[in-house]
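Novice: Let me begin by handing over the structure; questions about it come next.
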Amino acid sequence: MVDLMGLDRAASIDDLRLRARRRIPRFAFDLVDGGAESERNMRRNIEAFEEVELTPRYMVDVSDIDMRATLFGQTYGAPFGMAPIGMLNAFWPGADLTLAKLCKRRNIPYVASSAASTTLEALATAADGNGWFQLYVSSDADVTEGLIARAEAAGYTTMLVTADVPAAGKRDRDIRNQLAVPFRITPEVVAGLIANPRWSLETLIHGKPNIANYADLLQGATSYADVQKTLITPGFTWEDLKRLRARWKGKLLVKGILHPQDAAQCAELGCDGIVVSNHGGRQVAFGPATIDALPAIAETVGGRMTIILDSGIRRGADMFRAKARGADFTFAGRALAFGVGAGGQRGAERAFDILQLELIRALGQLGVPSFAAVGSS
Ligand SMILES: Cc1cc2nc3c(=O)[nH]c(=O)nc-3n(C[C@H](O)[C@H](O)[C@H](O)COP(=O)(O)O)c2cc1C
């Protein structure tokens, strides 16, 4: 196929990010690209990966590289999945379904966010057996139970409960861009729409993005506080996690773990796994990079439960680094989102290919022909 968009010339995830920035209005780009406060934690996630050096071993036969990974009895085509991202259709119209279908085609997990801009039922259909569900615990127990019951009915068998949002993160870019509920049309927004006609047209076709799973509940919302109360709660505790564990019959993982003792407590409560994550540096600016937090966690709960790592994955070698430090699997958030922003479905494919080819090369260069065999040595 002729590469009219020049996506084949995007060599890295960072190249795709720059392409996305050129096609998307500032307020929508920043919504995904931004982090908490000074964004130190967001930058640190990436720097810390780069600081983990890997020493190649040579004269190993690497003519047949196997990067598959098995989780909970299902074998995936690559050791990374799509992290849950809320309101992603605001970044690029139709992004949720594009990514859910990509994950099915490439046989990797797709995690449907509670706050997605597409319903969890439609995402389960698109991901077709590769869908996992991410739960935000609401301040209203009926809202939480309603989501769980819907996820069950839609056929999800793996649920991630996100623990790292006792309050919404403070994102300075969104404040500067005057992102508000209800959405306000400012002169900057109008300028952004005119400067990005493709995005504006696609948004017109797809309709205004919303938080689809809560569309009815949020219809009357007049402030961020209303939205937050529906979506999250500062009152989520270990007691609630215990109840969720008893309630959810499928696999249950807790997302947003950074402290070894929290990881140990998840294991004691019978959780099947954790996601070592700092929400891509969107919650706080002062925390550790996830690749730095990982070794102590792996030492505490490794072998007792599945460990997944996200936040800052931008290169195939990052997955190798995560596995070498004790993770079983990884999630990419922005990396795949930037692909969609750069070129819709073809951009998403390009992002996947870049990560996959980089990982295959890393395994070959490092003399480890199978991802499953990557260890600390
Ligand atoms: C725009 C945006 C929205 C997100 N929404 C959610 C969400 O709804 N639920 C959740 O658990 N994590 C959410 N996350 C965090 C991601 O699941 C993941 O932890 C993070 O993107 C990983 O960092 P990375 O983007 O550097 O890969 C969001 C991240 C971004 C960038």
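Every number in this text was worked out from the coordinates using simple rules, so none of it is lab data. Because the structure is predicted, anything quoted here is derived from the model rather than measured. When we count neighbours, we look across all protein chains shown, and the Cβ atoms used for this are built from the backbone with ideal geometry, even at glycine.
Novice: Over the Cα atoms of segment 252-335, what Rg and Dmax result, in angstrom?
Specialist: 11.6, 34
Novice: Same structure again: For the chain, modelled as a GNM with alpha-carbon contacts under 10 angstrom, which of ARG176, ARG314, ARG150 fluctuates the most?
Specialist: ARG176
Novice: In segment 7-367, what percentage of the DSSP-assigned beta bridges are antiparallel, given to the nearest 5? List each step's numbers first, then the result.
Specialist: Details: 3 of 29 bridges.
Here the antiparallel bridges make up roughly 10 percent for segment 7-367.
Novice: Could I ask something else about it? Along the charge dipole of the chain, pointing to its positive end and built from +1/-1 on Cβ of Lys, Arg, Asp and Glu, which listed residue (PHE27, TYR76, GLN356) has its Cα farthest out?
Specialist: PHE27
Novice: Could I ask something else about it? Taking the chain as a Gaussian network, where each spring joins two C-alpha atoms under 10 Å apart, which residue of ASP140, ASP96, ASP328 fluctuates the most?
Specialist: Fluctuation is largest for ASP140.
Novice: For the chain, which cysteines have no disulfide-compatible partner, meaning no other cysteine Cβ under 4.7 Å?
Specialist: Here CYS103 come out as lacking a disulfide-compatible partner, given the Cβ-Cβ threshold of under 4.7 Å.
Novice: State the Cα centre-to-centre distance between segment 288-310 and segment 67-127 in whole Å.
Specialist: About 23 Å separates the Cα centre of segment 288-310 from the one of segment 67-127.
Novice: Let me ask another. On the principal axes of its Cα set, how long, how wide and how thick is segment 7-367? Give whole Å, largest value first.
Specialist: Principal-axis extents of the Cα atoms in segment 7-367, largest first: 61, 50, 38 Å.
Novice: Could you tell me which helices of the chain pass both thresholds, a Cα extent of 27 Å or more along their own axis and a mean Kyte-Doolittle hydropathy of at least -0.5, with helices taken as whole DSSP H runs? Intermediate values should be presented prior to the final figure.
Specialist: Details: long enough: 334-366 (33 Å, 0.33).
Span-like helices here: 334-366.
Novice: Next question, about the same structure. Which order do the peptides 60-72, 23-35, 41-53 come out in when sorted by mean C-beta neighbours inside 10 angstrom, highest first? Can you show the working numbers first?
Specialist: Values: 60-72: 13.8, 23-35: 22.1, 41-53: 18.1.
Final packing ranking: 23-35, 41-53, 60-72.
Novice: Sticking with this one: So if I restrict to the alpha-carbon atoms in segment 37-77, what is the Rg, and what is Dmax, the biggest pairwise distance, in Å?
Specialist: When restricted to the Cα atoms of segment 37-77, Rg and Dmax are 16.9, 47 Å.
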